[in-house]
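Report on the structure given below.
The values are calculated or read from the model by the stated rules, or taken from the named source; none is laboratory data. Computed from a predicted model, the values in this text were never measured in an experiment. Cβ atoms come from the backbone with ideal geometry, glycine included; neighbour counts cover every protein chain shown. Calculation scope for accessible area: heavy atoms of the full protein, side chains included, ligands and nucleic acids excluded. Shrake-Rupley method; radii C 1.70, N 1.55, O 1.52, S 1.80 Å.
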Amino acid sequence: MFSRLRNDFPILDTRIGESSLSYLDSGATSQKPQCVIDTFTEYYAQRNAAVHRGAHSLAVMATDAFEAGREAVANLVGGSPEQVVWTKNATEALNVVALGLDRASHGLGGEAAQRFALGPDDSIVVTEMEHHANLVPWQQLAQSTGAQLRWIPVTDSGELDLSDLDSIVDETTKVFAFTHVSNVLGTINPVERLVARARQVGAFVVLDACQSVPHMPVSFVDLDVDFAAFSAHKALGPTGLGTLWGKSELLNSLPPVLTGGSMITTVTMEESQFMDAPQRFEAGTQPVAEVAAFTTAVNYLAEVGLEEVFDHERELAAVLLDGIATIPGITVLGSAEDRIGTVAFDVDGVHAHDVGQYLDSQGVAVRVGHHCAQPLHRRFGVTATTRASTYLYNNTEDCERFVSALAEVRGFFGAE
């Protein structure tokens, strides 16, 4: 089945010089099937209008497409459409939560929002493997409120060190924010255990699901998280769109960060009243074409089956890891068994950027740098790595081409 899917992705026919393209950078952004591209252009050709409150047919069609996206996402990750808030990316979604808590901590949002208020006696817990998008907002919240920022360290195997979990996440912890899957190591974290500890101490759970939702079956309801964020472009959808998912009673109490049109019930010259979620977080003109295209992407993933995608990528991860293990001078970061097809590594004597450029010359696209995870790289004693990351359109040939090209890198740069 997966070999046939490649035909749905026109960009995979691209030539890089004399080489065919092996795209192994889906951890950064995924490629789009033709049906998603067609939906995007079809929307502007036939249905384009501002959503909500329009009295004409185009506005009704645009609104239907916009709201259908929430239902598709709810079917994908659980919950109801009202629990799905559109943002411009996952970073914004995480900031909406952190900044909402900050506003509550400074007295905004009324009595209902006081459940979110933090102060110097509270703590916020993250992990050492967080993407900056799920670290910096919590640093800012800690600085604004005086709360203490703590983190769970990472072991040499690239897994969370939970030996001191109960002392790090304690009765002072108000927020426990962590990633479901590391964007560098590919490690799948034990969400159930982490959520259980958060429930024991009454902390809110915020899940970064950017690297899990596109690659494996995920139910935020079953995981019992309070808030979760992921981006459309990593899940076959367009750029410029993210999703904030939350429990309804929490979303309806959280002070909004972006304010203006389309999110209010009444406005006087002195004050405003806000709508319930999801509209209370969606001020201004919305990315309707992006939502329509993402709906097609979500339906495409559902048709393929995320359980099958997960199994397919685990097979590809084994090909990558087994192949890299045969090459001298390569150090893979982490060795967790529970993982997706994301592998980051250091090449002895060759900078990651040079590695990436050589692989590109052979038609293999990978990511280089710190992958927005500087503390994690510092933990492993490196400043940058090269990362190969798979998706449903990759095959064994892509991985073998990558391994063959990687085996030539140190010799090419005289580092053997």
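Taking every full run of DSSP H in the chain, the ones that stretch at least 18 Å from end to end by Cα along their long axis and average -1.0 or higher on the Kyte-Doolittle scale are 57-77, 90-105, 288-304, 306-325.
The GluC sites (Glu not before Pro) of region 1-93 that DSSP puts in a loop, and whose beta carbon has at most 14 other beta carbons within 10 Å, are Glu18. Close amide H pairs (under 5 Å, H built 1.01 Å from N) link Leu149 with Ile124, residues at least 5 positions away or on another chain. Can you give me the relative contact order of region 307-416 as a percent, contacts being Cα pairs under 8 Å and 6 or more apart? Result for region 307-416 is 33 percent. Comparing mean-square fluctuations of Pro137, Pro328, Pro287 from a GNM of the chain with C-alpha springs under 10 Å, the top value falls on Pro328. Just one of [x] 23.4, 80; [y] 22.1, 72; [z] 21.0, 72 is Rg and Dmax of the Cα atoms in Å as worked out from the coordinates here. Which one is it? Answer label, from the structure shown: [y]. Which one of Pro255, Pro153, Pro120 has the biggest mean-square fluctuation once the chain is modelled by GNM with Cα springs under 10 Å? For the chain, modelled as a Gaussian network with Cα springs under 10 Å, the answer is Pro120. For the chain, the relative contact order is 23 percent, taking Cα pairs closer than 8 Å that sit 6 or more residues apart in sequence and dividing their mean separation by the residue count. Within region 40-302, DSSP assigns beta bridges of which about 45% are antiparallel (rounded to the nearest 5). Pick out which of Thr295, Thr41, Thr390 has the largest mean-square fluctuation in a Gaussian network model of the chain, springs linking Cα atoms closer than 10 Å. So, out of Thr295, Thr41, Thr390, the one fluctuating most is Thr41. Surface analysis of region 326-416 yields an accessible area of 41 Å² per residue, using protein heavy atoms and a 1.4 Å probe.
With +1 on the Cβ of every Lys and Arg and -1 on the Cβ of every Asp and Glu, and nothing else charged, how large is the dipole of the chain about its Cα centre, in debye rounded to the nearest 20?
For the chain, the charge dipole is close to 740 debye.
Look at the alpha carbon pairs under 8 Å that are at least 6 residues apart: their mean separation over the length of region 14-108 gives a relative contact order of 11 percent. For region 211-277, applying the loop criterion from DSSP together with a ceiling of 10 other beta carbons within 10 Å to the GluC sites (Glu not before Pro) yields Glu270, Glu271.
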